[in-house]
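The values are calculated or read from the model by the stated rules, or taken from the named source; none is laboratory data. What you are looking at is a predicted structure, and each value in this text was computed from that prediction instead of being measured. Cβ atoms come from the backbone with ideal geometry, glycine included; neighbour counts cover every protein chain shown. Ligands, DNA and RNA are stripped out before the accessible areas are found, and what is left, the full protein with its side chains, is counted by its heavy atoms. Shrake-Rupley method; radii C 1.70, N 1.55, O 1.52, S 1.80 Å.
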Amino acid sequence: MLALLKRDLSLATRAGGGFGLGVAFFLILCALVPFGVGPESDALRPVAAGILWVGALLACLLSLDRIFALDHEDGSLDLLATSPLPLEGAVAVKALAHWITTGLPLIASAPLFGLLLHLPAHAVPWLVLSLLLGTPALSMLGAFGAAITVGLRRGGLLLSLLVLPLYIPTLLFGTEVVRRGAEGMATLTPVLFLAGITAGVLALIPFAAAAALRVNLR
Amino acid sequence: MLALLKRDLSLATRAGGGFGLGVAFFLILCALVPFGVGPESDALRPVAAGILWVGALLACLLSLDRIFALDHEDGSLDLLATSPLPLEGAVAVKALAHWITTGLPLIASAPLFGLLLHLPAHAVPWLVLSLLLGTPALSMLGAFGAAITVGLRRGGLLLSLLVLPLYIPTLLFGTEVVRRGAEGMATLTPVLFLAGITAGVLALIPFAAAAALRVNLR
Amino acid sequence: MSLLAVQDLAVSRGGMRAVEGVSFALEPGQALILRGPNGIGKTTLLRTVAGLQPALEGRIDMAGDCVAYAAHADGLKGALTVTENLRFWSSVFDGGPVAPALMAMDLEHLADRPAAALSAGQKRRLGLARLLVSGRPLWVLDEPTVSLDAPSVARFGVAVRAHLAGGGAALMATHIDLGLDEARVLDLTPYRARPGRDARPAGFNEAFA
Amino acid sequence: MSLLAVQDLAVSRGGMRAVEGVSFALEPGQALILRGPNGIGKTTLLRTVAGLQPALEGRIDMAGDCVAYAAHADGLKGALTVTENLRFWSSVFDGGPVAPALMAMDLEHLADRPAAALSAGQKRRLGLARLLVSGRPLWVLDEPTVSLDAPSVARFGVAVRAHLAGGGAALMATHIDLGLDEARVLDLTPYRARPGRDARPAGFNEAFA
Amino acid sequence: MIELGKYAGTVLAAYGVSLALLAGLIWHTIVANARARRDLERQERNG
Amino acid sequence: MSIWEYANPVKFMRLSGAVLPWVAAAAAICTVGGVLWGFLTPEDYKQGSTVKIVFLHVPAAMMAINIWVMMLVASLIWLIRRHHVSALAARAAAPIGAVMTLIALATGAIWGQPMWGTWWEWDPRLTSFLILLLFYVGYMALWSAIEDPDSAADLTCFLCLVGSVFALLSRYAVLFWNQGLHQGASLSVQSGERMSAVYRHPLYLSMLGFFLLFLALLLIRTRTEIRRRRLAALQAREIRR
Ligand code: HEM
Ligand SMILES: Nc1ncnc2c1ncn2[C@@H]1O[C@H](COP(=O)(O)OP(=O)(O)OP(=O)(O)O)[C@@H](O)[C@H]1O
Ligand SMILES: Nc1ncnc2c1ncn2[C@@H]1O[C@H](COP(=O)(O)OP(=O)(O)OP(=O)(O)O)[C@@H](O)[C@H]1O
Ligand SMILES: [Mg+2]
Ligand SMILES: [Mg+2]
């Protein structure tokens, strides 16, 4: 397990591994939206929390699309499936590696990008908290989608299509936390929901993903 | 040339080819935004044009990422490069095929999604016009980015990073057309700019993309 | 006890039976070479034995976790060096040390090269070195010597013999001569699933029989 | 006039010279087989001749647009059928009809199968059929018979002989016997770029040496 | 001590951030160069 | 002897090694001098002490643009004459340009807080700089993603050419999109209200300092890149039997 985690992390941080690209994509997205929506801070402020969450979600999604596909193409997945490692463990480890290389940097940079979109300062801790609670679920759900689409040649877009609906609850409660935080309302309920969803996803999805992988290897 | 166009179109419409996924992604994105932003039509109306354009742009981008990568992996690109077809022509045809399979459906469905986001009805023709003028440039610029990143294992995200900044002028003028159209202002200037950018891109970028492909085949 | 016992096996690919009625057993120290024309189902059979797809009929008896499978794709990461690739697979399989495997496949001078910068034959040698570090007793190999030059094929033969001598077994599919004269050969041609009108679809109640 | 004349060619891969000082010529009706150990630079040489990468030194003379190149990757689309794949390449190369090529490579009964559902050897046969429809006089082939069974290798030999008889030429790299006794063989081993400390990097002012 | 008035925080923050960025860039440049030189020299010696 | 001779790495290493100490010393003196002098200038009657930020902000902003132009020229030289040193110089310049852009953005943002009451505003000038930063980031990401150095040089060169055109286009598009709050160029001759000499002279000095600093860093980084290339070549030579 540890060997797999180490390999995935070192692959991600090698040249061409794409470490940091998620953040860069996030930045670009946050920069693009005002180009579409208009520069006025009054127009931006109400949508800031939503844009930030959607941006984080997309950055996460895009970087995930080939989490299993690369291993499938070069045959590693066949070999992993015949190795003593339980496939569920491999899925969990790969999702964890993805979260470390993508989710964490996103969380660290989100406050800065909040500035760009005129997110009120007192909402920033809520943004960070909601991302911290929510992104692990995004990684794990993405791993599930990637497992389902692994054999397909144009998996990327299909993957987005499958996974985005699964992301909706996380997105909803995540933005709700930030919105309520920004308006100084009680945030306990959405925080609890968010944490609950993430806990459930982390506990159950690895099994579904591993099953999907086994089918795709047949 | 025609054979290549026909092949690319039929590959896209075959099972697993991903035809229609772009529109589906667009739909999901348009559906997600109200979750993030809040459902009030007053909040949505001013951002509608921007969201629609950004959504179209992302849908375009995502479906483009493997335009050359698939051909590279299975060796078709090597063979095309040694064929009598000029590589510039191949690039142009592939961008055209991409536009037909992704850009056109997006344009056709945009009015519908405009409704979802409470875009004023008299702005819809402007939305369609601006997309019609702008999306060919998106496809072609995307082909350039795809050509640059074709050999890379995790090209997808890098591709976005390289291409999105190039999309900025198109996006700006595109939304400007819609915004002015919605407010009943004169739209001639941004329309002309948009058309000019697209014409320039279509005329020049195939050469840059073909040069990049040649480098990547070395 | 035999390492692998296959009884009356039928396998399917793409919803059609490929071969059926195949039986054989492999004792420790034995090697079996599968032969047969293109498309008869060698790859399919090997994947079934490796546990990557279910058998349609018949039974496969072997101890759990004893297979090391090697196919056309070698499971190499181009960004990692030769040593890093091997070390990864060794730790995943709780296998043996890397140095002897490198030596056996004549890869020492390439040890620090990223795998992406290997030629076709060098990559294949690295894929075979992976078998040596896996520590598994049963090797299941699909066309193992593709792209290898003659000295490398000989080196492969030496490695297989050492594996057999150590109580391992090997099941291989190939079209060319591997130089393993002591290995038994099983030609799959007679086991081809009945062709033509009699051919039976696989599964879904045999497509309504 | 010769179809291909190579003079004192040096090729490089990954910034290092692979082989140097290679010269040969191919007249219509001739075939040349390149041999040499793994990693010496056969693939690199073939790609250079096919025009996919620039030569480091020396010259390659041939008519424009006369090469049909075939490497490990066959340029097949899994979603298209065998016939559709061939027809596409035929129209890209302004080449010949598809039916004789299918016949020559014994693919008729697979004509309507999607290419993704072919076995390794069947895919390779389809890749070779592409050469026949390309209508190009000079075939440049990298390990053409990988994964082929014996009858298919013989069929390949027949196709090459017919191509040579029709005034074509073929340049091939391989490790195994192709059954083409009339072909000349060029062993690249003596042309290996000087190894060890003397090895010269390729380009960037020869790495300042 | 120089008087910065009510904007002391702003000015000091601007100088602080800029000098930190510049220092980071210079440090990275020098370290990378020293490392490259060391590796190269080692290689030339026993290579 | 033509100037192209210095595209030979050996000659370049010798020459750059010789001038580097001088450039570095001059850069240190001018930068430290200019910034310190700027820091000690009196307060402005309108902007208070925040005017001192200009001595970092303007040189950094200026260099951010100029470095991109220099990369464009170096890329063109590589494309036309295929001098490796110039490709490596373009690669070496990019991180410096990115840091300069970051400094301009950061000082501007910090300055904006008291002046405009906001950290960030989608003003055309600021937005253009953000876009410039994106181009720098993409350029560097592309360099580090490609393994073969010559391919990387070619591809980043194409990106730089196309990117320059689009950076310029974006500049005009952004102007069209939003009229801004930002100062015009008050150093230019046309503008009526010229900066008083109290500020102008330290500003000139610090601009010179930033330029020399860039030159020194560029030389060092190019030398680093050249050494890395030679190291890689030597290692490849060793592995090859
Ligand atoms: C956050 C981003 C900012 C960026 C990217 C930026 C960019 C620039 C650039 C490129 C210049 C050079 C103009 C020229 O010389 O032609 C400049 C000059 C200047 N900026 Fe900013 N700026 C930013 C924010 C601010 C803020 C918030 C203020 C203060 C209110 C400010 C005040 C100035 C002043 C006073 C100059 C000198 C103009 C002159 O005399 O040339 N800037 N800025
Ligand atoms: N994905 C697929 N879908 C449907 N049929 C397939 C698929 N892959 C292979 N087949 C068919 O299944 C049969 C068995 O294929 P298999 O790959 O096992 O053959 P093989 O004996 O390994 O041949 P080769 O020597 O060419 O590698 C072949 O007739 C092939 O056409
Ligand atoms: N991408 C690369 N980067 C650096 N070096 C490479 C790269 N690809 C191959 N090489 C090296 O270049 C040399 C020539 O490789 P090439 O593929 O031409 O060999 P080959 O003769 O075709 O070998 P094989 O018989 O194994 O296919 C080999 O030593 C190989 O290690
Ligand atoms: Mg097979
Ligand atoms: Mg080869």
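What about residue A:166, is it without any contact (Cβ under 8 Å) to a residue 24 or more places away in the chain and surrounded by fewer than 19 Cβ atoms within 10 Å (Cβ to Cβ)? Against the criterion (without any contact (Cβ under 8 Å) to a residue 24 or more places away in the chain and surrounded by fewer than 19 Cβ atoms within 10 Å (Cβ to Cβ)), residue A:166 does not qualify.
Looking only at the range D:133-152, which residues are more than 16 Å from ligand 3 (Cβ to nearest atom) and either outside any strand (DSSP E or B) or at the interface with chain C (Cβ under 8 Å from one of its Cβ atoms) (or both)? Walk me through it before giving the result.
To start, the set of residues in the range D:133-152 that are more than 16 Å from ligand 3 (Cβ to nearest atom) comprises D:133-139, D:148-152.
Of everything in the range D:133-152, those that are more than 16 Å from ligand 3 (Cβ to nearest atom) and either outside any strand (DSSP E or B) or at the interface with chain C (Cβ under 8 Å from one of its Cβ atoms) (or both) turn out to be D:133, D:134, D:135, D:136, D:137, D:148, D:149, D:150, D:151, D:152.
Against the definition (within 14 Å of chain A (Cβ to nearest Cβ) and buried (at least 21 other Cβ atoms within 10 Å of the Cβ)), how does residue F:96 come out, yes or no? Against the criterion (within 14 Å of chain A (Cβ to nearest Cβ) and buried (at least 21 other Cβ atoms within 10 Å of the Cβ)), residue F:96 does not qualify. The single condition from (1) more than 7 Å from every other protein chain (Cβ to nearest Cβ); (2) within 20 Å of the chain's Cα centre (by Cα); (3) over 30 Å from residue C:70 (Cα atoms) that residue A:67 fails is (3).
Among the residues making up the range B:77-107, a single one is in a helix (DSSP H, G or I), within 12 Å of chain D (Cβ to nearest Cβ), touching a Phe, Trp or Tyr at 6+ places or on another chain (Cβ under 8 Å) and surrounded by fewer than 22 Cβ atoms within 10 Å (Cβ to Cβ): B:78. Take the conditions (1) within 21 Å of the chain's Cα centre (by Cα); (2) within 28 Å of residue F:235 (Cβ to Cβ); (3) of a type in the set (A, V, I, L, M, F, W, C); (4) open to solvent by 20 Å² or more (accessible area, probe 1.4 Å); residue C:102 misses just one of them, which is (4).
Being open to solvent by less than 10 Å² (accessible area, probe 1.4 Å) and not in a helix (DSSP H, G or I) is the filter here, so list the residues in the range A:108-121 that pass it. Once the filter is applied, which keeps residues that are open to solvent by less than 10 Å² (accessible area, probe 1.4 Å) and not in a helix (DSSP H, G or I), the range A:108-121 yields only A:117.
Scanning the range F:101-130 for residues that are acidic (Asp, Glu) and either within 16 Å of ligand 4 (Cβ to nearest atom) or assigned to a helix (DSSP H, G or I) (or both) returns no hits.
Give the number of residues within the range C:125-142 that are within 16 Å of ligand 5 (Cβ to nearest atom) and touching a helix residue (DSSP H, G or I) at 6+ places or on another chain (Cβ under 8 Å). Steps first, please.
Step one: filter the range C:125-142 for residues within 16 Å of ligand 5 (Cβ to nearest atom), giving C:125-127.
Now restrict to residues that are touching a helix residue (DSSP H, G or I) at 6+ places or on another chain (Cβ under 8 Å): C:125-126.
Here the count works out to 2.
The set of residues in the range C:71-82 that are surrounded by 19 or more Cβ atoms within 10 Å (Cβ to Cβ) and more than 8 Å from every other protein chain (Cβ to nearest Cβ) contains only C:82.
Given the structure, is residue D:114 open to solvent by 40 Å² or more (accessible area, probe 1.4 Å) and touching a strand residue (DSSP E or B) at 6+ places or on another chain (Cβ under 8 Å)?
When the stated conditions are applied, residue D:114 passes them.
Considering the range C:24-38, the residues that are within 12 Å of ligand 4 (Cβ to nearest atom) and either among the basic types (Lys, Arg) or more than 8 Å from every other protein chain (Cβ to nearest Cβ) (or both) include one that is surrounded by the fewest Cβ atoms within 10 Å (Cβ to Cβ), namely C:35.
Looking at the range E:13-30, can you tell me whether even one residue there is under 19 Å from residue F:228 (Cα atoms), surrounded by 14 or more Cβ atoms within 10 Å (Cβ to Cβ) and more than 18 Å from the chain's Cα centre (by Cα)? No, the range E:13-30 contains no residue that is under 19 Å from residue F:228 (Cα atoms), surrounded by 14 or more Cβ atoms within 10 Å (Cβ to Cβ) and more than 18 Å from the chain's Cα centre (by Cα). Scanning the range F:29-43 for residues that are open to solvent by less than 50 Å² (accessible area, probe 1.4 Å) and either at pLDDT 90 or above or part of a helix (DSSP H, G or I) (or both) turns up F:30, F:31, F:33, F:34, F:35, F:38, F:39. In the range C:39-58, the residues that are within 12 Å of chain D (Cβ to nearest Cβ) and under 20 Å from residue D:150 (Cα atoms) form no Cβ pair under 6 Å with any partner that is at pLDDT below 85 and within 16 Å of ligand 3 (Cβ to nearest atom), whether six or more places apart or across chains.
Can residue A:153 be described as at pLDDT 85 or above and of a type in the set (D, E, K, R)? Quick ask: steps written out before the conclusion?
Working: at pLDDT 85 or above: no; of a type in the set (D, E, K, R): yes.
So residue A:153 fails the test.
Look at residue A:147 and say whether it is crowded, with 24+ Cβ neighbours inside 10 Å and of a type in the set (Gly, Ala, Ser). Judged against the criteria, residue A:147 is a match. Residues of the range D:98-110 that are touching a helix residue (DSSP H, G or I) at 6+ places or on another chain (Cβ under 8 Å) and either within 16 Å of ligand 5 (Cβ to nearest atom) or within 14 Å of chain C (Cβ to nearest Cβ) (or both): D:105, D:106, D:107, D:108, D:110. Do you know which of the residues in the range F:101-118 that are open to solvent by 20 Å² or more (accessible area, probe 1.4 Å), touching a residue at least 40 places away in the same chain (Cβ under 8 Å) and at the interface with another protein chain (Cβ under 7 Å from one of its Cβ atoms) is nearest to residue E:7 (Cα to Cα)? Across the range F:101-118, the extreme among qualifying residues is F:114. Check whether at least one residue in the range A:42-49 is charged (D, E, K, R), in a helix (DSSP H, G or I), more than 8 Å from chain B (Cβ to nearest Cβ) and open to solvent by 10 Å² or more (accessible area, probe 1.4 Å), and report yes or no. Yes, some residue in the range A:42-49 is charged (D, E, K, R), in a helix (DSSP H, G or I), more than 8 Å from chain B (Cβ to nearest Cβ) and open to solvent by 10 Å² or more (accessible area, probe 1.4 Å). Out of F:190, F:183, one residue alone is over 30 Å from residue A:33 (Cα atoms), of a type outside the set (A, V, I, L, M, F, W, C), at pLDDT below 80 and more than 16 Å from ligand 2 (Cβ to nearest atom). It is F:190. Figure legend. Inter-residue proximity from the range A:195-218: first residues away from every other protein chain (no Cβ under 14 Å), second residues surrounded by fewer than 16 Cβ atoms within 10 Å (Cβ to Cβ) and assigned to a helix (DSSP H, G or I), beta-carbon distance below 8 Å, spacing 6+ or different chains. Indicated pairs: A:206/A:89. Among the residues of the range C:173-192, the ones that are within 13 Å of ligand 2 (Cβ to nearest atom) and farther than 16 Å from residue C:159 by Cβ come to 9 in all. For the range B:63-72, indicate whether the set of residues that are open to solvent by 10 Å² or more (accessible area, probe 1.4 Å), touching a His at 6+ places or on another chain (Cβ under 7 Å) and modelled with pLDDT of 80 or more is non-empty. Within the range B:63-72, one or more residues are open to solvent by 10 Å² or more (accessible area, probe 1.4 Å), touching a His at 6+ places or on another chain (Cβ under 7 Å) and modelled with pLDDT of 80 or more. Checking the structure you have, find out if any residue of the range D:125-140 is farther than 23 Å from residue D:49 by Cα, surrounded by 20 or more Cβ atoms within 10 Å (Cβ to Cβ) and of a type in the set (S, T, N, Q). The answer is no, given that none of the residues of the range D:125-140 is farther than 23 Å from residue D:49 by Cα, surrounded by 20 or more Cβ atoms within 10 Å (Cβ to Cβ) and of a type in the set (S, T, N, Q). Cβ separations smaller than 7 Å between residues 6+ apart or across chains give the following pairs from the range C:180-209 residues that are among the polar types (S, T, N, Q) to residues that are at pLDDT 50 or above and open to solvent by less than 100 Å² (accessible area, probe 1.4 Å): C:189/C:36; C:189/C:37; C:189/C:40. Does residue D:45 satisfy being more than 13 Å from the chain's Cα centre (by Cα), at pLDDT 85 or above and buried (at least 17 other Cβ atoms within 10 Å of the Cβ)? No.
Taking only the range D:149-179 into account, find how many residues are more than 15 Å from ligand 5 (Cβ to nearest atom), open to solvent by 10 Å² or more (accessible area, probe 1.4 Å) and of a type in the set (A, V, I, L, M).
Residues of the range D:149-179 more than 15 Å from ligand 5 (Cβ to nearest atom): D:149-170, D:177-179.
If we keep only those that are open to solvent by 10 Å² or more (accessible area, probe 1.4 Å) as well, we get D:149-151, D:153-155, D:158-159, D:161-167, D:177, D:179.
Next cut, of a type in the set (A, V, I, L, M) only: D:150, D:153-154, D:158-159, D:162, D:164-165.
Of the residues in that region, 8 qualify.
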